[in-house]
Amino acid sequence: MKNQSTKILYKLIRNKGKWINGRYFNNTMMISQYHARIYELQAQGHKIKASSFRDKFNFKSYMLT
């Protein structure tokens, strides 16, 4: 079984260059601590950019660059 970081990375890879809203990780993928998982991926060297904008629920979006 894939861990949460791997699931997030696969989603970002499949959508490289596109923004993925944090609500997707939280509500659809059921990963409530997605911020920590993204931080782990960044620490491993993956280039994941956080948006400077937030949606109406105050969630940022993320993109693999």
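Of all residues in the range 30-50, exactly one satisfies the criterion of being among the hydroxyl-bearing types (Ser, Thr, Tyr) and either out of contact with any helix residue (DSSP H, G or I) (no Cβ under 9 Å at 6 or more places or on another chain) or in contact (Cβ under 8 Å) with a residue 40 or more places away in the chain (or both), namely 39. Determine whether residue 5 is in a helix (DSSP H, G or I), without any contact (Cβ under 8 Å) to a residue 40 or more places away in the chain, surrounded by 15 or more Cβ atoms within 10 Å (Cβ to Cβ) and small (Gly, Ala, Ser). Yes: the conditions hold for residue 5.
Taken over the range 31-43, the criterion of being closer than 9 Å to residue 4 by Cβ and either in a loop (DSSP other than H, G, I, E, B) or at pLDDT below 95 (or both) is satisfied by 31, 33.
Would you say residue 61 is touching a helix residue (DSSP H, G or I) at 6+ places or on another chain (Cβ under 7 Å) and modelled with pLDDT under 95?
Details: touching a helix residue (DSSP H, G or I) at 6+ places or on another chain (Cβ under 7 Å): yes; modelled with pLDDT under 95: no.
Spelling it out, it is not the case that residue 61 is touching a helix residue (DSSP H, G or I) at 6+ places or on another chain (Cβ under 7 Å) and modelled with pLDDT under 95.
Cβ-Cβ distances below 7 Å connect the following pairs, each with a first residue in the range 11-29 that is assigned to a strand (DSSP E or B), a second residue that is hydroxyl-bearing (Ser, Thr, Tyr), and a separation of six or more residues or different chains: 20/61; 20/62; 21/61.
The values are calculated or read from the model by the stated rules, or taken from the named source; none is laboratory data. If you're wondering where the values come from, they're calculated on a predicted model, not measured in any experiment. Backbone-built Cβ (ideal geometry, glycine too); neighbour counts: all protein chains shown.
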